[in-house]
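Participant: Quick one: structure below, then a few questions.
The values are calculated or read from the model by the stated rules, or taken from the named source; none is laboratory data. All values derive from a computational prediction rather than experimental measurement. Using ideal geometry, Cβ is built from the backbone for each residue, glycine included, and neighbour counts are taken over all protein chains shown.
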Amino acid sequence: MGTGAQSEMDGRVRFDELIANRGLRWVLYTAAWTIIGLVNFGSALLGMRRVSPDFPAWPPLTWELSSAYVIGLGLVPLLVWVTHRLEFRRGTWLGSLIAHFLLTVPFSLLHVAGMVTIRKAVYWLHGLSYNFGNGNLLRELLFEYYKDIQTYWIIVLVTLGFEYYNRYRERGQRLAEAQLQNLRDQLNPHFLFNTLNMISSKMYEDVGQADVMITRLSDLLRLTLRTSSQPEVPLQTDLEALDLYLDIMKARFADEIRIEVNVDPSARDALAPSLILQPLVENAFRHGVAQITEGAQIRIGAAVNDHTLVLRVSDNGPGFEAPRENLLSRGFGLSNTASRLQQLYGDRHSLEFTNCPEGGAEVVIQIPYRSA
Amino acid sequence: MRVLVVDDEPPARRKLMNFLREERDVEIVGEAGNGAKAAALIEELEPDVVFLDVQMPGMTGFEVLETLGGRVPLIVFVTAYDQYAVKAFEVHALDYLLKPFDRDRLQTCLSRVRDQISRSAGADLQARMQKLIAEATGRAYATRLMVKHHGRVVFLQIRDVDWIKALANYVELHVGAQTYMIRETLNSLESRLDPDLFARVHRSVIVNLDRIKELQPWSHNDYLVILKDGTEIRMSRRYHRNLKDG
């Protein structure tokens with residue numbers, strides 16, 4: 001990372017810390033509304049002086065500050081709270097929109113009630129009386145209402161903007177974490193050291209074969225490092241990594257394990273999460289076929305079915321014994337797969353664990369089909 | 001020394017055995033590719049030393065040791081990477097090998113083994129192994145037992161055992177309608193059982209607390225323990241405390 005990027009990040013961290021202080025945040029926030037009030041006061045004062053050049057400054061100052069503070073300190077927190085509750089999702093957005101339209105009325109009435117109270121108090125201190133609307137209450141209320149509709153929607157839109165930004169950033173962070181975890185899973189120390197041990201054993205028996213294994217491991221590491229930073233890669237790339245992985249696993253656990261890879265040509269160019277298959281296959285090795293001595297078999301399949309990419313990994317081992325929650329618990333190797341799918345596809349994916357009728361376990365992943 | 005080699009990866013076993021064959025005093029008596037076979041071979045062949053892989057599917061190296069009653073051979077753990085296990089080894093194990101290892105490292109290990117055999121500090125080793133297993137697995141008590149039954153090796157879940165009766169140097173495990181025998185003293189077995197699950201009710205009887213249906217008063221302060229399957233066991237006075245605490 002360059003020095004420029006580093007210092008920029010430092011600056012952001014410091015600002016985050018600054019606004020993380022609750023008291024200071026409120027001081028800054030109040031100052032911002034004071035500035036809004038003062039700007040509006042300047043405009044109002046000039047407007048009055050255009051008509052009567054001797055107009056005093058305190059009445060427009062009272063009007064504008066009372067208006068700004070009632071909105072900023074009273075109504076904004078209330079409206080932010082309401083906006084967080086009225087979600088804009090499929091099925092709820094129309095109701096939320098209507099609710100917001102209706103809520104502009106009480107919003108404006110509360111605004112008027114608040115600022116009129118303050119104004120009456122300040123006028124009374126000056127020995128005067130404040131008369132809202134000069135006898136035409138309805139016209140004045142409508143006047144304020146039209147201005148408040150704008151204010152209302154600005155607050156709502158800014159709140160929603162923050163909400164989406166935060167959600168997006170969190171999603172990005174979680175995805176990055178899952179990717180990093182995935183890289184760690186691939187470069188699992190167990191796998192690495194056991195593979196090195198296998199190679200060290202092969203060196204005494206067959207130097208050529210040992211050399212082949214070193215090359216396979218290097219290719220796998222390179223491919224892993226290259227693809228793990230990308231959320232999605234063409235399935236073809238993932239299958240190449242899987243081939244290397246399988247070669248190594250076969251050398252470690254004898255060649256008796258039969259592995260069938262059955263991939264539709266149309267599935268090869270589909271986008272899939274990088275290195276999605278390897279943990280599933282590793283799982284089939286560890287919990288499936290490793291426990292049977294003869295005729296072990298792992299089947300890997302990929303097909304495109306009605307705009308959906310379907311990935312299957314099955315084995316003829318003892319099958320899943322535990323309920324789904326346990327399978328997703330930490331340490332089983334599939335929890336990270338589940339969380340990556342959730343980050344990338346939300347509810348547009350499925351991850352199923354089943355026991356095949358003829359015995360053995362099967363994991364099926366379905367994600368939307370997109371061509372690379 | 002008679003050696004058993006246990007690892008789920010054939011090349012890993014071959015490497016270790018090739019190295020060991022170069023040693024004049026080493027006789028390889030067997031090899032096993034999984035935990036269950038390892039436990040059975042330890043019982044059958046009674047090796048002096050076992051090179052035991054930790055991470056194996058089905059039953060880990062630690063779980064193999066848990067199932068062993070009676071004499072435990074010298075264990076050298078062999079592992080690729082397991083930070084918790086390695087921590088436990090450093091404290092309690094005789095020695096361990098981290099994969100991949102070279103001849104020199106194996107030599108160092110073998111000289112330690114020879115040293116230990118000549119001193120034959122068996123009891124001390126046994127206690128160290130128990131501590132190591134407890135630390136590395138996070139459990140202080142056995143979860144399964146290995147028994148021989150009609151020539152087969154059977155692994156019993158500890159929870160499934162209803163009650164246990166001592167017979168001289170053997171104990172009789174009652175599991176439903178079945179009865180299994182293992183060669184171990186009741187005291188030694190009791191030390192491997194979780195006191196929250198099992199209690200001694202008699203000099204020669206331990207019962208699974210979950211199986212107790214009721215206690216009936218018997219003559220002079222003794223009680224009769226009645227199990228859910230109807231079995232009646234007399235409880236002697238000195239063991240009352242074991243049940244009343246629970």
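Participant: Assuming B:GLN216 fulfils every condition listed in (1) part of a strand (DSSP E or B); (2) under 17 Å from the mean Cα position of the chain (by Cα); (3) not β-branched (Val, Ile, Thr) apart from one, which condition is it?
Facilitator: Condition (2) is where B:GLN216 drops out.
Participant: Answer yes or no: is there a residue in region A:263-282 that is modelled with pLDDT under 90, within 14 Å of another protein chain (Cβ to nearest Cβ) and either closer than 16 Å to A:VAL363 by Cα or in contact with a helix residue (DSSP H, G or I) (Cβ under 7 Å, 6 or more places away or on another chain) (or both).
Facilitator: Yes, that holds for at least one residue.
Participant: A further question follows. Based on this model, can you work out whether A:LEU110 counts as in a helix (DSSP H, G or I) and surrounded by 13 or more Cβ atoms within 10 Å (Cβ to Cβ)?
Facilitator: yes
Participant: Is one or more of the residues making up region B:174-192 closer than 21 Å to B:ALA40 by Cα, over 14 Å from the mean Cα position of the chain (by Cα) and of a type in the set (Val, Ile, Thr)?
Facilitator: Yes.
Participant: Determine which member of the set B:ASP229, B:ASP210 is closer than 14 Å to B:ASP162 by Cα, more than 19 Å from the chain's Cα centre (by Cα), assigned by TED's automatic domain parsing to the domain that holds B:ARG159 and in contact (Cβ under 8 Å) with a residue 60 or more places away in the chain.
Facilitator: After ruling out the rest, the residue left standing is B:ASP229.
Participant: In region B:152-177, what count of residues is obtained for those that are in a loop (DSSP other than H, G, I, E, B) and within 19 Å of B:VAL64 (Cα to Cα)?
Facilitator: Count: 1.
Participant: While we're here: Out of (1) among the aliphatic types (A, V, I, L, M); (2) away from every other protein chain (no Cβ under 14 Å); (3) crowded, with 21+ Cβ neighbours inside 10 Å; (4) touching a strand residue (DSSP E or B) at 6+ places or on another chain (Cβ under 6 Å), the odd one out for B:LEU16 is which?
Facilitator: Exception for B:LEU16: condition (2).
Participant: Moving to a separate point now. As an exercise: evaluate A:ILE118 against (1) assigned to a helix (DSSP H, G or I); (2) within 37 Å of the chain's Cα centre (by Cα) and give the number of the one condition it does not meet.
Facilitator: Among (1) assigned to a helix (DSSP H, G or I); (2) within 37 Å of the chain's Cα centre (by Cα), A:ILE118 violates only (2).
Participant: Residues A:SER371, A:SER314, A:SER329, A:SER350: which one is hydroxyl-bearing (Ser, Thr, Tyr) and at pLDDT below 80?
Facilitator: Testing whether each residue is hydroxyl-bearing (Ser, Thr, Tyr) and at pLDDT below 80 leaves just A:SER329.
Participant: If I filter region B:113-170 down to residues being of a type in the set (Gly, Ala, Ser) and modelled with pLDDT of 75 or more, which single residue comes out as farthest from B:LYS228 (Cα to Cα)?
Facilitator: B:SER118
Participant: Let me ask something additional. Enumerate the pairs (first residue in region A:142-169 and over 20 Å from A:ALA68 (Cβ atoms); second residue anywhere and part of a helix (DSSP H, G or I)) with beta-carbon separation below 8 Å, excluding pairs fewer than 6 apart on the same chain, so at least 6 apart or on different chains.
Facilitator: A:LEU160/A:THR83; A:GLU163/A:THR83; A:GLU163/A:HIS84
Participant: Exactly one of these conditions fails for A:ASP306: (1) more than 12 Å from every other protein chain (Cβ to nearest Cβ); (2) at negative phi; (3) free of Cβ contacts under 8 Å to residues at least 24 places away in the same chain. Give me its number.
Facilitator: Looking at each condition in turn, A:ASP306 falls short on (2).
Participant: Quick check on this structure: which one of B:ARG144, B:ARG114 is within 15 Å of the chain's Cα centre (by Cα), over 16 Å from B:LEU52 (Cα atoms) and among the basic types (Lys, Arg)?
Facilitator: So the residue among B:ARG144, B:ARG114 that is within 15 Å of the chain's Cα centre (by Cα), over 16 Å from B:LEU52 (Cα atoms) and among the basic types (Lys, Arg) is B:ARG144.
Participant: Another question about this same structure. Take region B:148-188 and flag every residue that is among the hydroxyl-bearing types (Ser, Thr, Tyr) and without any contact (Cβ under 8 Å) to a residue 24 or more places away in the chain.
Facilitator: Those that are among the hydroxyl-bearing types (Ser, Thr, Tyr) and without any contact (Cβ under 8 Å) to a residue 24 or more places away in the chain: B:TYR170, B:THR179, B:THR185.
Participant: Within region B:187-197, identify whether any single residue is more than 22 Å from B:LYS148 (Cβ to Cβ) and either in contact with a strand residue (DSSP E or B) (Cβ under 7 Å, 6 or more places away or on another chain) or outside the structural domain of B:LYS165 (by TED's automatic domain parsing) (or both), and answer yes or no.
Facilitator: Yes, that holds for at least one residue.
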